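Below is one structure, written out as structure tokens, with a few remarks after it.
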Amino acid sequence: MISAHIIKGMLPGTNINSSWVVPLVQAIGSSGFEKQALALAKSMVDADFISIFCQGDRDIPLLVGTVCVHGQHRADMAAKGYKMHMSADKNTEYLLGMGGHGDFLTIQEENAIESFTYRRDCYERPGISARISLVRRTASYGLSISLYSSVESGPFPEAIYDRVAATLALILPITERHIAHRIKGTEWQRQDIQTRLALNFPDLTAREREVAAMTIKGRTAAEIGEILGLRKTTIITHRKKAYKRMNVKNLRQLIATFGVSSAN
């Protein structure tokens, strides 16, 4: 099974032991947040893996964290696979905003994946059987949280899909707080240039941030236009406005401001 659903209205609710949530809230801002999120998901729906991706810069999703109850090496193997096949992943479309704004629930089982290499690298090698994800896309960011069942456990039973969705809905807003808490002055901020722009130049429009971030990472106006679905001349106009608001005259000054290489 591979499916995606636009969520309209409230997500399913579920009964939950409050003692399971407290450790996750207490872990906000810490390096152990993902482990606590998985512990909660394990208690509620017997999930074996969790991964969290944040989409600030339009073209490169950022892996916030991933863990597995069967060992970190399996989580790392899955992360490596998803980085290789990100463009083939339905969740990436929603993170990028291609499906519009809102919450999206996606379900993917290993035996329904047609691409051999995607199935091998993302499911067979790390020992994943199925994935259920909640992706939130707003005007300024995207966030996805995925729960996975292992080959040892088999796919999530359809009877608990609502409970999995409710678990994801519980974890997602706590994760938003976690990311907001950790983003400033960290490696995340150095990787996610658009977030840095938002923090340091709040007068930039959302489109100007996108264009400036991709310019810093070495994208040409033509490449940015293709990614955003806009004309090259429109991109150049946004870039000029961004330069003016940031008080820089050219790409060299822009790069110097952020202390990063123009290459991806």
With each label point set 7 Å from Cα along the Cα-Cβ vector, what nm distance links F201 and D76?
-> 3.7 nm
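Using mean Cβ contacts within 10 Å as the protection proxy, how do 246-256, 92-102 order, highest first?
Working: 246-256: 13.2, 92-102: 16.2.
Descending packing order for the listed peptides: 92-102, 246-256.
Do the sum for the chain: with -39,500 (n - 2.57) for every DSSP H run of n ≥ 4, divided by all residues, what is the mean residue ellipticity at 222 nm, to the nearest 500 deg cm²/dmol? If you can, show how the numbers build up before the last one.
On the way: 12 runs with 122 residues, N = 264.
Mean residue ellipticity, 222 nm, calculated: -13500 deg cm²/dmol.
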Which one of A166, M84, L199 is farthest out on the positive end of the charge dipole of the chain, using unit charges on Cβ (Lys, Arg +1; Asp, Glu -1) and the Cα centre as origin?
-> L199
Along region 20-28, what does the Karplus equation 6.51 cos²θ - 1.76 cosθ + 1.60 (θ = phi - 60°) give for ³J(HN,Hα), rounded to whole Hz, x for Gly and Pro?
-> 6, 7, 3, x, 5, 4, 5, 8, 4
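State, to one decimal in nm², a quarter of the convex hull surface area for the C-alpha atoms of region 187-258, i.e. the direction-averaged projected area. Intermediate values should be presented prior to the final figure.
Numbers: hull surface 17.3 nm².
Taking the Cα atoms of region 187-258, their convex hull projects to 4.3 nm² on average.
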Given 74-83, 232-241, the highest-first ranking by average Cβ count within 10 Å works out to 74-83, 232-241
Sorted on mean Cβ neighbours within 10 Å (highest first), peptides 215-224, 161-170 come out as 161-170, 215-224
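Taking R0 as 45 Å, what FRET efficiency do you get between K249 and S115 from their Cβ-Cβ distance, rounded to the nearest 0.05? Working shown, then result.
On the way: r = 46 Å, r/R0 = 1.02.
My answer for the efficiency is 0.45.
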Pick from S18, S149, S133: which residue has the top mean-square fluctuation in a GNM of the chain where Cα pairs under 10 Å get a spring?
-> S18
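Using Cα-Cα distances under 8 Å and only pairs 6 or more residues apart, what relative contact order does the chain have, in percent?
Values: 416 pairs, mean separation 50.8, N = 264.
Relative contact order comes out at 19 percent.
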For S150, residues with placed amide H under 5 Å, excluding near neighbours | D48, S129
List the pair-distance distribution P(r) of the chain, using every Cα-Cα distance, as the percent of pairs falling in each 10 Å bin from 0 up to the bin containing the longest distance, rounded to whole percents.
-> 7, 29, 33, 21, 10, 1
To the nearest 20 debye, what charge dipole does the chain have about its Cα centre, counting +1 at the Cβ of each Lys and Arg and -1 at the Cβ of each Asp and Glu?
-> 1480 debye
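Apply 1/(1 + (r/R0)^6) to the Cβ-Cβ distance of S43 and H181, taking R0 = 30 Å, and write down the FRET efficiency to the nearest 0.05. Intermediate values should be presented prior to the final figure.
Working: r = 24 Å, r/R0 = 0.78.
With R0 = 30 Å, the Cβ-Cβ based efficiency is 0.80.
FYI, it's all coordinate maths here, none of it is from the lab. Keep in mind the model is a prediction, meaning the values are calculated, not measured. Note that we place each Cβ from the backbone using ideal geometry, even for glycine, and neighbour counts take in every protein chain shown.
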